[in-house]
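K.L.:
Please find one structure pasted underneath; my questions will follow.
The values are calculated or read from the model by the stated rules, or taken from the named source; none is laboratory data. A quick note: this is a predicted structure, and the numbers were derived from the prediction, not measured. FYI the Cβ positions are ideal-geometry reconstructions off the backbone, even for glycines, and counts take in every protein chain you see. Keep in mind that these areas ignore ligands, DNA and RNA; they rest on the heavy atoms of the full protein, side chains included. Shrake-Rupley method; radii C 1.70, N 1.55, O 1.52, S 1.80 Å.
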Amino acid sequence: MAPNDTISDMLTRIRNACAVRHPTTHVPTTKMTRSIAQVLKEEGFIEDFKETGEGVKQFLVLTLKYKDKSRQPIINMLKRASKPGLRVYSKRKDLPRVLGGIGIAIISTSKGVMTDREARRQNVGGEILCYIW
């Protein structure tokens, strides 16, 4: 049975893979997980992602990113903000800054999924999905 909260499932899989320093992790494909993976790639938190599988069993294979020889994960923390039971929305003026701009907030807006910086630039608010640093 698939989990109802695919975003939390995705974040947990990434968090667990980083904890044990796996090179890749598999995440069930949805439009939302694909959009979040695209933002993570653009912001440099993951190397790359690709879709595999066929029919209903489609997966995103995320290639995780680590720092040089120490193999410390680039992603230190993933935190879910908006949950199915408690949605968190923010107007464009009230968009959060994560660690003074070091981290990012991923926002679902009417113009698509984007970072808090991009949402500020495009002058849109939306649902705050998660924080990453």
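K.L.:
What net charge do the residues around Arg120 carry, taking every other residue with its C-beta under 15 Å from that of Arg120, with Lys and Arg at +1 and Asp and Glu at -1? Walk me through the intermediate numbers first.
P.N.:
Details: positive: Lys91, Arg92, Lys93, Arg97, Lys111, Arg117, Arg121; negative: Glu43, Asp94, Asp116, Glu118.
So the surrounding residues net to +3.
K.L.:
Could you check how much of the accessible area of the range 17-98 is carbon and sulfur, as a whole percent, using a 1.4 Å probe? The partial results should precede the final answer.
P.N.:
Values: 2730 of 5330 Å².
About 51 percent, which is the carbon plus sulfur part of the accessible surface.
K.L.:
Relative to the first principal axis of the alpha-carbon coordinates of the chain, what is the inclination of helix 31-42, with its axis defined by its Cα atoms, in degrees from 0 to 90 and to the nearest 10?
P.N.:
90
K.L.:
Continuing with this model, one more query. Give the separation of the Cα centroids, the range 33-48 to the range 113-133, in Å.
P.N.:
Centre-to-centre distance over Cα atoms comes out at 14 Å.
K.L.:
Classify the chain as rounded, prolate or oblate, taking a ≥ b ≥ c as the square roots of the eigenvalues of its Cα gyration tensor: rounded when a/c is under 1.5, otherwise prolate if a/b is larger than b/c and oblate if not.
P.N.:
Values: a/c = 1.81, a/b = 1.25, b/c = 1.45.
Oblate, since a/c reaches 1.5 and b/c is not below a/b.
K.L.:
Can I ask one more? Sort 4-12, 96-104 for me by packing, meaning the mean count of neighbouring Cβ atoms within 10 Å per residue, highest on top. Can you show the working numbers first?
P.N.:
On the way: 4-12: 17.2, 96-104: 14.0.
For the peptides 4-12, 96-104, the packing ranking is 4-12, 96-104.
K.L.:
If you count only protein heavy atoms with a 1.4 Å probe, what accessible area per residue comes out for the chain, rounded to a whole Å²? Before the final figure, lay out each step's value.
P.N.:
On the way: 7820 Å² over 133 residues.
About 59 Å² of surface per residue is accessible.
K.L.:
So, in the range 35-105, how many Lys pairs have Cα atoms under 20 Å apart, if the pair is 8 or more places apart or on different chains?
P.N.:
Values: Lys41/Lys50; Lys41/Lys65; Lys41/Lys67; Lys41/Lys79; Lys50/Lys65; Lys65/Lys79; Lys79/Lys91; Lys83/Lys91.
Lysine pairs, 8 or more places apart or on different chains, close enough: 8.
K.L.:
Quick one: net charge of Glu51's neighbours, Cβ under 15 Å, K/R +1, D/E -1? Don't skip to the answer; put the middle values down first.
P.N.:
On the way: positive: Lys31, Arg34, Lys41, Lys50, Lys57; negative: Asp48, Glu54.
Net charge around Glu51: +3.
K.L.:
Which aspartates and glutamates does Lys31 reach when only Cα atoms under 20 Å apart count, and residues fewer than 8 places away in its own chain are ignored?
P.N.:
Within the straight-line limit of under 20 Å, Lys31 reaches these aspartates and glutamates: Asp5, Asp9, Glu42, Glu43, Glu47, Asp48, Glu51, Glu54, Asp116, Glu118, Glu127.
K.L.:
Could you please report the charge total around Lys111, scoring K, R as +1 and D, E as -1 over all other residues with beta-carbon less than 13 angstrom from its beta-carbon? Intermediate results must be reported in sequence, preceding the final value.
P.N.:
Values: positive: Arg92, Arg120, Arg121; negative: Glu118, Glu127.
Net charge in that neighbourhood comes out at +1.
K.L.:
Using amide H atoms built 1.01 Å from N in the peptide plane, name the residues 5+ places from Thr29, or on other chains, whose amide H lies under 5 Å from its own.
P.N.:
Gln58, Phe59, Leu60
K.L.:
Shifting gears a bit: Relative to the longest principal Cα axis of the chain, at what angle does helix 6-19 sit, 0 to 90 degrees, rounded to 10?
P.N.:
For helix 6-19, the angle is close to 60 degrees.
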